Amino acid sequence: MENRIHNFNAGPSVLPVEVLKDVQANLLSYKGYGLSVMEMSHRSAEYQKIIDDANAAVKRIMDLGDDYEVIFLGGGASTQFLMVAMNLIPDGKEGNYVNTGTWASTALKEAKKIGKGMHVAATSEDKEFTYIPKELNFSANPAFLHITTNNTIRGTEYDHTPEVPEGVLLISDMSSNFLSRPYDFKKYDLIYAGAQKNVGPAGVTVVAIRKSIVDKMNTGLPTMLDYRTHISKGSMFNTPPAFNIYVVGEVLKWIEGFGGLDKLHAHNLKKANYIYDAIDNSNGFYKGTVVKEDRSLMNIPFRLQTEDLEKKFISEAKTLGMIGLKGHRSVGGCRASVYNSCPLESAKALGDFMKKFQAENE
Ligand SMILES: *Cc1c(COP(=O)(O)O)cnc(C)c1O
């Protein structure tokens, strides 16, 4: 694999080799224009085409039609935690959140911090976030329900779209499973995703917003934190993360070339199964940490019997060219992230190594 290691990093994470090569080939002179995309004016016709194409590709892949605005913002998914609360919780209403672990908890804290009404509609904290809570209890005047479709650190993932009462918006942080599987995207009013997990380098966040909710957003907000600013200027109120958006556009072409979300989903399932099979057939040598029905296809956390054995596992894997297998520092253990661009060979190599390691250390 041309000097490429098996990269199981949780983010920033692996990108398709084809995309990296294409970016490399166009680095000094993009399409023969004599300059890099990094050096281009974002006001140039050449750059306008790059961002327009990326925008259209997001809408095509998600089948959003003409009902949505797509914008590319800086500040990471973490800034969306704040923007969602600022723009979409009117006075007298509450943001409703499903707390499924670290990122969801961080999102819901933001509403409180800026003095907005906040309510936890469901939580899986009682069992250390090892499942997706299915029952929702809304507040008296809910503005929206905010969910996190994939929980990067705990390794749970929604396989369904929750129902919300009439007039309540549905919002999702899809950062770590963005464009890795089909969802009923049109049921969502706002979707955001940091690019660095599934669709590009760190530094750009993709946001899709239903057009009909834009007029109802709160007014009088700081310019850069107001969605309307970015929508009305086509993501170019200020200098956008121009090169990152270009790379995202190239990854989107790769996704379309792959055959879209159904095909990618099947591919991702196959990859995840190499690893889940090694866990499930290990007689407890490896222990998955979440309930089976809510397992993520993107992030697969697991434990071994002792921390020493986990250390040995991670360091042996490294000598075989597999990196990124240490669990998040907040939960420990091991975690394999197998996002869209992670090749089948990498997932298979890990599954095979897990069986071998078990045979040698049982
Ligand atoms: C990584 C991640 C974030 C944080 O993204 P930043 O771009 O670093 O702000 C938020 N939500 C989820 C689900 C993530 O996986």
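The values are calculated or read from the model by the stated rules, or taken from the named source; none is laboratory data. Quantities reported herein were computed from a predicted structural model and do not represent experimental measurements. Glycine gets a Cβ as well: all are built from the backbone with ideal geometry, and neighbour counts include every protein chain shown. The accessibility values were calculated without ligands, DNA or RNA, using every heavy atom of the protein model including side chains. Shrake-Rupley method; radii C 1.70, N 1.55, O 1.52, S 1.80 Å.
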Hey, could you check region 57-74 for residues that are away from the ligand (no atom under 16 Å from the Cβ), part of a strand (DSSP E or B) and not β-branched (Val, Ile, Thr) and say which is nearest to Asn137 (Cα to Cα)? Tyr68
Any idea which residue in region 177-197 is nearest to Ile153 (Cα to Cα), counting only those that are within 15 Å of the ligand (Cβ to nearest atom) and open to solvent by 10 Å² or more (accessible area, probe 1.4 Å)? Lys197
I'd like the residue in region 114-127 that is farther than 11 Å from Thr100 by Cβ and assigned to a loop (DSSP other than H, G, I, E, B) and, out of all such residues, is nearest to the ligand (Cβ to nearest atom). Ile114
The one condition Asn7 fails out of (1) within 19 Å of the chain's Cα centre (by Cα); (2) buried (at least 22 other Cβ atoms within 10 Å of the Cβ) is (2)
Residue satisfying condition, being among the aliphatic types (A, V, I, L, M) and either more than 16 Å from the ligand (Cβ to nearest atom) or in a loop (DSSP other than H, G, I, E, B) (or both), within set Ala54, Ala85, Ala77: Ala54
Give me the pairs: first residue in region 89-112 and farther than 21 Å from Ser330 by Cα and at pLDDT 95 or above, second residue within 12 Å of the ligand (Cβ to nearest atom) and not in a helix (DSSP H, G or I), beta-carbon distance under 6 Å, and six or more apart or on different chains, which are they? Tyr97/His146
Which residue out of Ile209, Ile213, Ile231 is away from the ligand (no atom under 16 Å from the Cβ), outside any helix (DSSP H, G or I) and in contact with an Asp or Glu (Cβ under 6 Å, 6 or more places away or on another chain)? Ile209
Going by the conditions given, is Gly95 farther than 23 Å from Pro165 by Cα and open to solvent by less than 20 Å² (accessible area, probe 1.4 Å)? no
Assuming Ala56 fulfils every condition listed in (1) in contact (Cβ under 8 Å) with a residue 12 or more places away in the chain; (2) open to solvent by 10 Å² or more (accessible area, probe 1.4 Å) apart from one, which condition is it? (1)
Testing Gly65 on (1) over 23 Å from the mean Cα position of the chain (by Cα); (2) modelled with pLDDT under 95; (3) not β-branched (Val, Ile, Thr), one condition comes back false. Which one is that? (1)
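To keep it simple, each residue is scored yes or no on (1) within 16 Å of the ligand (Cβ to nearest atom); (2) part of a loop (DSSP other than H, G, I, E, B); (3) polar (S, T, N, Q).
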| residue | (1), (2), (3) |
| --- | --- |
| Glu135 | no, yes, no |
| Ser139 | no, yes, yes |
| His146 | yes, no, no |
| Arg154 | yes, yes, no |
| Pro162 | no, yes, no |
| Val199 | yes, yes, no |
How about region 286-303: which of its residues are outside any strand (DSSP E or B), within 22 Å of Ser346 (Cβ to Cβ) and open to solvent by 10 Å² or more (accessible area, probe 1.4 Å)? Thr289, Val290, Leu297
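Residue-by-condition table, conditions (1) surrounded by fewer than 22 Cβ atoms within 10 Å (Cβ to Cβ); (2) out of contact with any Cys (no Cβ under 9 Å at 6 or more places or on another chain); (3) within 26 Å of Ala104 (Cα to Cα):
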| residue | (1), (2), (3) |
| --- | --- |
| Gly200 | no, yes, yes |
| Thr205 | no, yes, yes |
| Ile213 | yes, yes, yes |
| Thr219 | yes, yes, yes |
| Asp226 | yes, yes, yes |
| Ser232 | yes, yes, no |
| Ser235 | no, yes, yes |
| Val247 | no, yes, no |
| Leu261 | yes, yes, yes |
Every residue in region 181-197 that is over 18 Å from Ile71 (Cβ atoms) and either assigned to a strand (DSSP E or B) or touching a helix residue (DSSP H, G or I) at 6+ places or on another chain (Cβ under 8 Å) (or both), please. Arg181, Pro182, Lys197
